[in-house]
Each structure stands twice: as structure tokens, then as C-alpha cells.
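Comments concern the structure below.
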């Protein structure tokens, strides 16, 4: 009986040790890169760098406050922040002029904060929520096939509406944890990251790409000790 118990304990310790060995920093450019790590646990540390960016181009003055940016199908798309026309812009990467304006006819720009894409659609996050009082949060789904040729194109979007199951108060607050300014697309799901002014963390919520209305619970969270205002996903990095 003692032998069997000892074997069980050793087996559990082996599994626990193996699981821990699989997590770590998977980025070779980090100072604490772990070549044995399989899953990035967010622990990567990078050396301090200094870089002076060079102005490449000035954007069209119509883009007064670029609030989201996505590169898809060799095109660069951006949009303005809240209160501006409900439009996304295809920007020329050489001189900054606007190649195409896509007008979303059936939804206003309440507080557009983020943009992402997959092979068939562009997603615009109308989930800015500076005071934590909004009850009309949504992600707009725009079919790329609807974006026909022309300098100005009008389309209709589908809405992926959502609310947070963990939000119990909608009283305006400057330290709320339910502002969302970051959005990424991974396979069949969308992931949004909150900008928590209250606790300086970020919570991640997972949404299907199917239009509808959803009540979402935190998928995971990260103690970032800062304010997350954008996110990007690279399918090459594992």
C-alpha cells in the first residue's frame, strides 16, 4: 500500500513539474527566453530600447483621431474615435492619403475603439465605455465582399451585441473596469481586452463571431499594471 501511495505521489509531482515546464517566455528576443517553454505565460522581459520614429506620412485630415488599426489583405484600415462619422478608411502606406472610405449606414460611431479582421470580415469594436455606463456595447461585423470598388462605398454591418455578466453597476465612474479598447480575432472567436482604470488590470472576454446578443464572463485576466488601449495577434508566434 505504501509503495502504491509513493508511486501515486511521484506521478502527481511529475505531471505538475511537466505542466510547469511547459509554461514560460516563448519569445527569443526576450532576456528570459525559455527554449523549453511551450505556452507563453506573459513573463517575458525585454531590454530597454531607445528609438526615434521617423515620420512616414501625414494622414488625410479627415482622420482626426485614429483609434484603431489593422493590416489585412495588404491593406491598412483605420477609423476615428467617438462622435465621428461611422466610417473606416483604407490608408495608403506610402503617402498617407485615403484610398477608400467605407461608410457603415446602419450603425453610428458611438465610441469606436478597435478594429480586427479575418479572411472574410472586418470587425469594429464599438465598446468604448469611458464612464462604465453604456448598455449598448457591440462589435460590428462587415463583410469584405460588400466593400466593392470605388472611393466611397456604403455597406451595412451586422452586430455582435454583448454585456458583461460581472458588471452590476452602471453609475458613471472615472475608475470603472468596463471600458474596452482592444480587440483581436483568433479562428472562430473574438477576444476583447478591458482597460481597467480601477484596478490597472485587464480582463479578457471571448465572443463568437456569430451576430446576436451575448452576456459574457471573463475568459481570463492579466495583472498588467497599466491601461490596455490596443491589441494585435500574430498567428506565427506560438
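The values are calculated or read from the model by the stated rules, or taken from the named source; none is laboratory data. Here the structure is a predicted model, which means the values were calculated and not measured. Reconstructed Cβ throughout: ideal geometry from the backbone, glycine too, with neighbour counts over all protein chains shown.
The residue that is nearest to residue 123 (Cα to Cα), among those in region 28-59 that are buried (at least 16 other Cβ atoms within 10 Å of the Cβ) and touching a strand residue (DSSP E or B) at 6+ places or on another chain (Cβ under 8 Å), is 59. Would you confirm whether any residue within region 45-55 is part of a loop (DSSP other than H, G, I, E, B), touching a residue at least 12 places away in the same chain (Cβ under 8 Å), over 30 Å from residue 92 (Cα atoms) and touching a helix residue (DSSP H, G or I) at 6+ places or on another chain (Cβ under 9 Å)? There is no residue in region 45-55 that is part of a loop (DSSP other than H, G, I, E, B), touching a residue at least 12 places away in the same chain (Cβ under 8 Å), over 30 Å from residue 92 (Cα atoms) and touching a helix residue (DSSP H, G or I) at 6+ places or on another chain (Cβ under 9 Å).
Looking at region 142-150, is at least one residue more than 21 Å from residue 103 (Cβ to Cβ) and modelled with pLDDT of 95 or more? The answer is no; no qualifying residue exists. Every condition in (1) surrounded by fewer than 19 Cβ atoms within 10 Å (Cβ to Cβ); (2) assigned to a strand (DSSP E or B); (3) in contact with a helix residue (DSSP H, G or I) (Cβ under 9 Å, 6 or more places away or on another chain) holds for residue 101 except the one numbered (3). Residues that are crowded, with 20+ Cβ neighbours inside 10 Å, in contact with a helix residue (DSSP H, G or I) (Cβ under 8 Å, 6 or more places away or on another chain) and farther than 18 Å from residue 213 by Cβ do not occur anywhere in region 152-159.
Does region 122-142 include one or more residues that are crowded, with 21+ Cβ neighbours inside 10 Å and over 22 Å from residue 206 (Cα atoms)? No; the residues of region 122-142 include none that is crowded, with 21+ Cβ neighbours inside 10 Å and over 22 Å from residue 206 (Cα atoms). If you go through region 110-145 and keep only what is over 23 Å from residue 74 (Cβ atoms) and assigned to a strand (DSSP E or B), you end up with 126, 138, 139. Here residue 204 clears all of (1) in contact with a strand residue (DSSP E or B) (Cβ under 7 Å, 6 or more places away or on another chain); (2) within 24 Å of residue 69 (Cα to Cα); (3) exposed (fewer than 15 other Cβ atoms within 10 Å of the Cβ) except the condition numbered (3). Of the residues contained in region 140-149, none is found to be in contact with a helix residue (DSSP H, G or I) (Cβ under 6 Å, 6 or more places away or on another chain), touching a residue at least 40 places away in the same chain (Cβ under 8 Å) and assigned by TED's automatic domain parsing to the domain that holds residue 83. Within the group 228, 160, 184, 192, which residue is at pLDDT 95 or above, within 22 Å of residue 77 (Cβ to Cβ) and not assigned by TED's automatic domain parsing to the domain that holds residue 82? Criteria check complete, one pass: 228.
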